[in-house]
Amino acid sequence: MMKSLLFSAHPTPPLLPTPRLRRLLRLRASSTSASAAAPPRAGRRSPRPAPSRRLSPSSLYARPSLLDMERERAARRADVDAFLASLGVDPGELAGLELPVTVDVMRERAEFLESLGLTREDLAAYPLALGCSVRKNMVPVLDYLGKLGVRRDALPDLLRRYPQVLHASVVVDLAPVVKYLQGMDVRPNDVPRVLERYPELLGFKLEGTMSTSIAYLVGIGVARRQIGGVITRFPEVLGMRVGKIIKPFVEYLEGIGLQRFSVARIIEKKPYVLGFGLEDKVKPNIEVLIEFGVRKETLASIVMQYPDILGLELRDKLVAQQSLFESVIMVSRDDFGRVIERMPQAINLGRTAVLKHVNFLTACGFMLSQVSKMVVACPQLLALNMDIMRMNFEYFKNEMERDLKELVDFPAFFTYGLESTVRRRHEMVSRKGFTCSLGWLLNCSDAKFDERMKYDTIGVEEMEAEESSDMNAFAEEVESEEEEYSDYDDSDDEFVR
């Protein structure tokens, strides 16, 4: 108790500074008093507070306002629009499209497209082409097409017909289509020709119209190995809808008497017939044929012989040919229908070729009425090679020693090869001592003729059957081996069997 009171009555005295601290305090006090007593130096300015840092609007590091940025963008777009207008392009067509910020870049695009062969009218027709970057869009696409084999001079037409290709991706859009074509047995050398003829194909989806149209053609009997040729000759088939175009066309041909497999054979050889408008061309032409005396039961044969007849401007041709046959060969209107049935390509025969063959026959000693009968029975007479006809006639007159009337009854004699058929068979019959008609001698296969030569006599019934044989069978046989007669339209060319 006493100890605690003692400590509280006498508190602990404060600590005194050490000698070192006292020296430092004295030194600081002396320097402060000296600086306060010294006068200010001449020319020395008193320090001022630093002003706040402000950047001028022209500084590179200035941040313009959104309003200034919008005004600058609008001014540049106005310059680009003015340039587009100078090209004849409506700037409004590109209103929602992000365009280059400078006229120089837009000019580069326009000049590049013009270097490809496009005109200002083409750019005006499809101004979106100017929205494609030269380096990012155009060059990769054009480089790919060039590697495929698309010709430089075919590019302008390709781009006019399908300018959207400039927006396409090579990997996503173009390469799959090319791969599909190759998978359909289109030869690599034919792929660029297909694209040149039908560039719209580059925008098709594989699972769409292309697949369904090919599947339908195979379904009606077109041979799978022929599909590549069909596409090469008529790539437009890949863009045709089955329900609206292909199927109605096939069903209509079946309706006039063709078998489905026959339609398939036509498509294999001449796939472009699918492009003849059913309502605009095919149906009206069939009606015109009937109007000019063709019998309904022969329509299928006509189409098989000459499928192109479905797409011609037929009425004008028939009017002209009927007048020619009536004035030159004395073929009546009814008989003119028989001529078309037996050789529908006769609608393309030129006047010069017809007159040349008629003059030859009359020079051989036939009367014009006989020539008319011969032409109706065998219209191919008007398209045969004149040298072949002349050699056959000389052999008939000098070696066979038959009456001219036999040629009137069987004018197809002129269509048979002299060395391959006529001479050999005539000599065999002569050795056997047979007397037969020209029809019995020639209107059969080699195998059947050799079998006949095993007989000792000729049956009368067989002779009469051969003489009354239908010339339509002969016409179809000739058509299967011959070229088209369209080459003879207004020309002096002649047909060689």
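Tallying residues that are within 15 Å of residue 445 (Cα to Cα) and surrounded by 15 or more Cβ atoms within 10 Å (Cβ to Cβ) within segment 404-417 yields 4. Here residue 117 clears all of (1) out of contact with any Gly (no Cβ under 7 Å at 6 or more places or on another chain); (2) small (Gly, Ala, Ser); (3) closer than 30 Å to residue 236 by Cα; (4) in a helix (DSSP H, G or I) except the condition numbered (4).
In the set 375, 354, 371, only one residue is open to solvent by less than 10 Å² (accessible area, probe 1.4 Å), touching a Ser or Thr at 6+ places or on another chain (Cβ under 7 Å) and either in a helix (DSSP H, G or I) or on the phi > 0 side of the Ramachandran plot (or both); that residue is 371.
Name the single residue that is modelled with the highest pLDDT among those in segment 380-419 being of a type in the set (Asp, Glu) and not in a helix (DSSP H, G or I).
It comes out as 403.
Within the group 266, 290, which residue is assigned to a helix (DSSP H, G or I), farther than 19 Å from residue 230 by Cβ and either under 21 Å from the mean Cα position of the chain (by Cα) or modelled with pLDDT of 95 or more (or both)?
Of the residues listed, the single one that is assigned to a helix (DSSP H, G or I), farther than 19 Å from residue 230 by Cβ and either under 21 Å from the mean Cα position of the chain (by Cα) or modelled with pLDDT of 95 or more (or both) is 290.
Scanning segment 322-336 for residues that are surrounded by fewer than 22 Cβ atoms within 10 Å (Cβ to Cβ) and part of a helix (DSSP H, G or I) yields a total of 9. Of the residues making up segment 180-217, just one is part of a helix (DSSP H, G or I), aromatic (Phe, Trp, Tyr) and touching a Leu at 6+ places or on another chain (Cβ under 8 Å), namely 180.
Please determine whether any residue of segment 420-429 is assigned to a helix (DSSP H, G or I), under 30 Å from residue 324 (Cβ atoms), modelled with pLDDT of 90 or more and in contact with a Phe, Trp or Tyr (Cβ under 7 Å, 6 or more places away or on another chain). No, segment 420-429 contains no residue that is assigned to a helix (DSSP H, G or I), under 30 Å from residue 324 (Cβ atoms), modelled with pLDDT of 90 or more and in contact with a Phe, Trp or Tyr (Cβ under 7 Å, 6 or more places away or on another chain). For residue 234, the criteria (1) among the aromatic types (Phe, Trp, Tyr); (2) open to solvent by 20 Å² or more (accessible area, probe 1.4 Å); (3) more than 30 Å from residue 337 (Cα to Cα) hold in every case but one, which is (2). Against the list (1) without any contact (Cβ under 8 Å) to a residue 24 or more places away in the chain; (2) surrounded by fewer than 22 Cβ atoms within 10 Å (Cβ to Cβ); (3) not polar (S, T, N, Q), the condition residue 361 fails is (2).
The values are calculated or read from the model by the stated rules, or taken from the named source; none is laboratory data. Bear in mind the structure is a predicted one, so any value in this text is a computation, not a measurement. All Cβ positions, glycine included, derive from the backbone under ideal geometry; neighbour counts span all protein chains shown. Keep in mind that these areas ignore ligands, DNA and RNA; they rest on the heavy atoms of the full protein, side chains included. Shrake-Rupley method; radii C 1.70, N 1.55, O 1.52, S 1.80 Å.
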